[in-house]
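The values are calculated or read from the model by the stated rules, or taken from the named source; none is laboratory data. Being a predicted model, the structure only gives us computed values, none of them experimental. Note: ideal-geometry Cβ built from the backbone for every residue, glycine included; neighbour counts use all protein chains shown.
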Amino acid sequence: MSTFVIPNKKIIKYLQLSLKLNAVVAEIVKQEIVLTKAEELGIKATEQELQKAADRLRIARKLYKTEDTLAWLGENYLSPEDFEELVRFEVTAEKFAEQMFSSQVEPFFYQHQQDFTGAVIYEICLDEYDLALDLYYSINENELSFLQVAYGYISDPELRRLKGYQGIVSRQNLKPEVSSAVFAAQPPQVLRPIITATGVLLIYVEEIIQPVLNDSLKTQILNRLFSNWLRQEMATMEIITPELNHNPS
């Protein structure tokens with residue numbers, strides 16, 4: 001077996017040339033911000049918290065045996081000490097976010113409640129408005145069902161099998177002209193054809209789902225508040241990387 005040695009400077013150069021280094025630097029800065037602020041607030045991970053987090057990570061990665069964990073560490077160029085540092089940061093970041101932003105979650109939810117409203121929709125994209133309008137009237141006059149139209153006019157086989165099902169979508173997932181129509185619907189309802197840049201949409205709104213502030217949504221909001229705060233912190237900083245060459249030679 002031949003050996004190929006890759007020095008660290010080669011890795012950095014690859015990240016530069018593949019335009020990935022900026023994202024890596026940004027993540028390093030975020031980590032340093034969190035660790036510095038957490039230390040100022042006296043936030044520390046307990047051994048019990050570290051053990052639970054390590055167990056969660058191993059389960060998520062399906063590392064059920066010690067040899068599985070060691071192999072995974074090797075594949076990712078990590079030592080056992082690196083693994084502990086990784087887990088410690090995750091726990092510290094979680095505790096920091098909880099302490100900083102948990103009191104803001106509920107007010108944020110009620111101020112932005114419509115952003116978390118979901119809609120269950122089916123969608124058919126057509127080339128011609130007149131055809132879409134004819135099909136719309138045929139559905140409303142019970143000459144055709146939406147599912148029949150979907151089966152007849154959706155070209156993608158997988159999407160056709162799903163009858164145009166798009167899942168649960170939020171306002172952010174939809175274009176403004178589509179979002180306003182979908183969330184004004186009285187389900188179950190087929191909407192009048194909507195002209196978009198990609199085609200004419202015929203949409204069936206099956207259900208509007210009102211948001212509930214459960215644990216999953218609380219975590220989602222907490223992460224959003226945390227991410228927004230990190231971006232604001234980074235915007236006030238000058239990032240200096242003295243060992244990197246920023247100028248073309």
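Pairs meeting the criteria (first residue in the stretch 128-140 and more than 11 Å from Leu191 (Cα to Cα), second residue surrounded by fewer than 18 Cβ atoms within 10 Å (Cβ to Cβ) and not acidic (Asp, Glu), beta carbons under 6 Å, at least 6 apart or on different chains) are Ser138/Leu144. The criterion of being under 21 Å from Glu128 (Cβ atoms), surrounded by 12 or more Cβ atoms within 10 Å (Cβ to Cβ) and without any contact (Cβ under 8 Å) to a residue 24 or more places away in the chain holds for Arg160.
When Leu131, Leu135 are checked against the criterion of being surrounded by 15 or more Cβ atoms within 10 Å (Cβ to Cβ), closer than 23 Å to Ile195 by Cβ and either modelled with pLDDT of 95 or more or assigned by TED's automatic domain parsing to the domain that holds Ile194 (or both), a single residue qualifies: Leu135. Only one entry in Asp115, Asp68 is assigned to a helix (DSSP H, G or I) and without any contact (Cβ under 8 Å) to a residue 40 or more places away in the chain, namely Asp68.
Put simply, of Glu94, Glu84 the only residue that is without any contact (Cβ under 8 Å) to a residue 60 or more places away in the chain, closer than 23 Å to Thr219 by Cβ and in a helix (DSSP H, G or I) is Glu94.
Note on the stretch 109-119: among residues that are buried (at least 18 other Cβ atoms within 10 Å of the Cβ) and more than 16 Å from Ser180 (Cβ to Cβ), the one that is modelled with the highest pLDDT is Phe109.
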